[in-house]
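For reference, the structure is listed below as structure tokens.
The values are calculated or read from the model by the stated rules, or taken from the named source; none is laboratory data. The structure displayed is predicted, hence computed values, not measured ones. Glycine also receives a Cβ, built like all others from the backbone with ideal geometry; neighbour counts cover every protein chain displayed.
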């Protein structure tokens, strides 16, 4: 494939070290059934020195133009009636303690609707303020700020998962026995276990109803923030110290609810392989593109572990650095 430095293709995943636009150009129209990813947040991180890296744009207009091309191509390759989920968050102008915020999620929404997508959901992922302060050292999030001058007090900005649908009618995403697994920090009440996989009237499936009520909520308050794939070995010397992959709970909720086993799930900004990993673990076919070689190599390592007992994700705890604890 033109522009691709390295690739690995199996019957369960296809991942490419190259520009996502080159990979998208090879996919037939309507050939994928879902997509989930976290795009580069303009002005927040620079992931590489490549002039093809969208994190190196110089202005908001340049970002909108380049990212808009990815959105248009994703719309083309997506099956009608199916969805794309995009992770986004507001971006601070700096860390002076007196900073303003850039509404990055708003731009993502407008770009998708301008391209022809329908905007259908916005899930806000709650974050604990002190934990955010300790991780980011945001000056305006210190308690001292509200003591000295609360006009400059900050807040623990949530992550957001924005969901868009391609107009048209495709294969229904049916769940004939409801939802059978929950991805989050709150355990399913044990008295509901007898309803799991209920084959009768789904109005009586209290297990699935419990999960659905949480997944359909506008606020996801029990996403396990540090439940991510290992990523430390992928970092170069000039990387930001707090780069963090997308949480596996977020990916699993989207993949489980909005796609079917055996279907293709795409990510144009693969990173260390989180979206592909979860898609494969949940019985889908994962397709991903990643421009940065060190991230691609870590994705290879992570996918090599997808079937091994040591990475049965539901039984693991990850520390803040992304290492197994």
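Applying the selection to the stretch 17-33, what residues are assigned to a strand (DSSP E or B) and more than 19 Å from residue 67 (Cβ to Cβ)? Steps first, answer last, please.
Taking the stretch 17-33 first, the residues assigned to a strand (DSSP E or B) are 17, 32-33.
Selection gives 17, 33.
Identify the single condition in (1) at pLDDT 90 or above; (2) outside any helix (DSSP H, G or I); (3) over 17 Å from the mean Cα position of the chain (by Cα) that residue 272 does not satisfy, given that it satisfies every other one.
(3)
Look through the stretch 195-211, keep the residues that are part of a helix (DSSP H, G or I) and in contact with a helix residue (DSSP H, G or I) (Cβ under 8 Å, 6 or more places away or on another chain), and return whichever of them is surrounded by the most Cβ atoms within 10 Å (Cβ to Cβ).
Checked the stretch 195-211; the qualifying residue surrounded by the most Cβ atoms within 10 Å (Cβ to Cβ) is 207.
Name the single residue that is farthest from residue 22 (Cα to Cα) among those in the stretch 284-295 being more than 15 Å from the chain's Cα centre (by Cα) and modelled with pLDDT of 95 or more. Walk me through how you get there before you give the answer.
Here is the first cut: in the stretch 284-295, the residues more than 15 Å from the chain's Cα centre (by Cα) are 284-285, 291-295.
When the remaining residues are screened for being modelled with pLDDT of 95 or more, the result is 284-285.
Working: 284: 23, 285: 19 Å.
So the residue we want is 284.
For the stretch 214-231, which positions are surrounded by 11 or more Cβ atoms within 10 Å (Cβ to Cβ) and either in a loop (DSSP other than H, G, I, E, B) or at pLDDT below 90 (or both)?
217, 221, 222, 223, 224, 225, 226, 227, 228, 229, 230, 231
What's the number of the condition residue 177 fails, among (1) at pLDDT 90 or above; (2) under 18 Å from the mean Cα position of the chain (by Cα)?
For residue 177, the exception is condition (2).
If residue 173 meets every condition in (1) closer than 29 Å to residue 196 by Cα; (2) touching a strand residue (DSSP E or B) at 6+ places or on another chain (Cβ under 6 Å) apart from one, which number is that one?
(2)
Filter the stretch 177-192 down to the residues that are out of contact with any helix residue (DSSP H, G or I) (no Cβ under 7 Å at 6 or more places or on another chain) and assigned to a helix (DSSP H, G or I), then identify the one that is surrounded by the fewest Cβ atoms within 10 Å (Cβ to Cβ).
Checking each candidate, the answer is 190.
Assess whether residue 261 counts as being in contact (Cβ under 8 Å) with a residue 24 or more places away in the chain and in a loop (DSSP other than H, G, I, E, B).
Working: in contact (Cβ under 8 Å) with a residue 24 or more places away in the chain: no; in a loop (DSSP other than H, G, I, E, B): yes.
In short, no.
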